[in-house]
1. Normalised by the number of residues in the chain, what is the relative contact order in percent for Cα pairs under 8 Å and 6+ residues apart?
2. For the cross-link pairs Lys55/Lys132; Lys21/Lys141; Lys141/Lys254; Lys41/Lys110; Lys41/Lys141, which exceed 20 Å when the distance is taken from alpha carbon to alpha carbon?
3. Rounded to the nearest 5, what is the percent of antiparallel bridges among the DSSP beta bridges in the range 301-440?
4. Rounding to the nearest 20 debye, state how big the charge dipole of the range 301-440 is about its Cα centre with +1 on each Lys and Arg Cβ and -1 on each Asp and Glu Cβ.
5. Ranked highest first by the average count of other Cβ atoms within 10 Å around their residues, in what order do 319-330, 15-26 fall?
6. Normalised radius of gyration for the range 170-279, please: alpha carbon Rg relative to 2.2 N^0.38 Å, two decimal places.
7. Of Lys78/Lys299; Lys299/Lys319; Lys299/Lys418; Lys165/Lys259, which sit over 30 Å apart, Cα to Cα?
8. Where does the chain land at 222 nm, in deg cm²/dmol rounded to the nearest 500, when only DSSP H runs of n ≥ 4 count, each adding -39500 (n - 2.57), divided by all residues?
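Computed from the coordinates by the stated procedures, all read-outs in this text should not be read as laboratory data. Since the model is a prediction, treat every value here as computed from it, not as a measurement. Neighbour counts run over all protein chains shown; Cβ positions are idealised from the backbone, glycine included.
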Amino acid sequence: MLGHIITEVLEGSIADELGIKPGDRLLALDDQPVLDLIDYKYFTSLNKYSVTIQKENGEAIIFDIEQDEDEFLGLCFKDDLLKIKHCHNKCVFCFVDQLPPNLRSTLYVKDDDWRLSFIMGNYITLTNLTEKDIQRIISRKVSPLYISVHTTDPELRRKMLNNPKAGELMPLLERFARNGIDFHAQIVLCPGLNDGFQLRKTFEDLLVLYPHCLSLAVVPVGLTYHRRGLYKLHRVNEQNANHIIDDVERWQEKCLELKGTRFIFAADEMYMLANRELPSYESYEGFCQIENGVGMLAKFEREMTEILPMLPPWILDRKVSIACGVSVAPFMKKLCGILKEKYYNLDVYIYPIHNHFFGESVTVTGLITGRDIAVQLDGQPLGDELLISRSMLREKDDEQHFLDDLTLKDVSNWINHKITPTDNDGAAFALAVLGLDADSI
């Protein structure tokens, strides 16, 4: 049958007022068939458009809509009108290819969907785009996109992505720029492949496309134990990281002078690997790449320090523990030191969790598994409760699961201790460490 079955009509929406019901079908918007969520968002963002609905009795009704900025159509559909486009690459650094077997199936899904890039900020390589896709991106003004560039050298990009279409990137980015499509870019930095001269070339090629190329993030490659049969790669070590940061910060100065923006940013993890101080909060210019781990720690620290003057002058005696990734442990100690200066009766145990599940070169907090926490903290002094980042957990069947599928309850029972997940927010972190709630301030 034609159209899309409506599964829900949001209360107070235009559709609700028009009497559109779940079970009705959306046939068209502005007399155009709706291919997916991009079409739906595009047409319903207009001030005036028409909606063609087929009722359950087969009657087709056309509604002419005039909406204010604060109004919305309010239709929901099964799977959000999206059938995910999958990745056609075999990237030499692909993290999914480095996962151990027997994890939940959703972890092995490799999407490379331009629609999810626009809607959710997922990074895409553009190698699976058809001419029809490109024309829709331009005609629907799908912007900004988030693009995994890695290198602008055609031959090297084909090698790194293991895809003959990967070398066609720059003409496509130039076409997007000519048509007003903006994008953020990222480089997964693999020492010996796309660093050095290649990194400089990529930076310079993309800077030419500014302001349509809005920013560029440089992220260290993540390598696990599970690389048998895969391309031989080297991890980013302290020396590599320092060289990369030196280049990035030198280029930032040049960009500020020429363009009024730093443009290129190194991920927080790069600074952790280099054992260097993080840049200032202001230097991240609005945190446009924060979901890529760029500026997350500077923002976290600012959030915590801003709440300090609002905290009560004293707390009850408090002992608490924190489990985190190895790379971020010194930063957590620094923040807890600030809290301890204010509260003499606060004791905090920081436990850097070594990642035995993926490999000890994986040092980020979000990839810590339940078993690694349980094994390493069983029998350790944990105080009143153990705090962990909510980024370690995924919701499944109304329970919170770690990547190895142990639940929060499983791990809590294993170590016989209360575990409290905290949001990735400096203010919420401070309150959790102090055992306070938001009503306390």
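1. On the way: 740 pairs, mean separation 42.3, N = 441.
For the chain, the relative contact order is 10 percent.
2. On the way: Lys55/Lys132 31 Å; Lys21/Lys141 30 Å; Lys141/Lys254 31 Å; Lys41/Lys110 24 Å; Lys41/Lys141 11 Å.
From the list (Lys55/Lys132; Lys21/Lys141; Lys141/Lys254; Lys41/Lys110; Lys41/Lys141), the Cα-Cα distance tops 20 Å for Lys55/Lys132; Lys21/Lys141; Lys141/Lys254; Lys41/Lys110.
3. Details: 5 of 19 bridges.
Counting only bridges with both partners in the range 301-440, antiparallel ones make up about 25 percent.
4. Working: 13 positive and 22 negative charges, 93 e Å.
Here the range 301-440 has a charge dipole of around 440 debye.
5. Values: 319-330: 20.4, 15-26: 16.7.
So the peptides 319-330, 15-26, ranked by packing, come out 319-330, 15-26.
6. Working: Rg = 15.0 Å, N = 110, 2.2 N^0.38 = 13.1 Å.
Expressed relative to 2.2 N^0.38 Å, the Cα Rg reads 1.14.
7. Values: Lys78/Lys299 36 Å; Lys299/Lys319 26 Å; Lys299/Lys418 28 Å; Lys165/Lys259 32 Å.
Checking Cα-Cα distances, Lys78/Lys299; Lys165/Lys259 exceed 30 Å.
8. Values: 14 runs with 139 residues, N = 441.
When only DSSP H runs of four or more count, the value is -9000 deg cm²/dmol.
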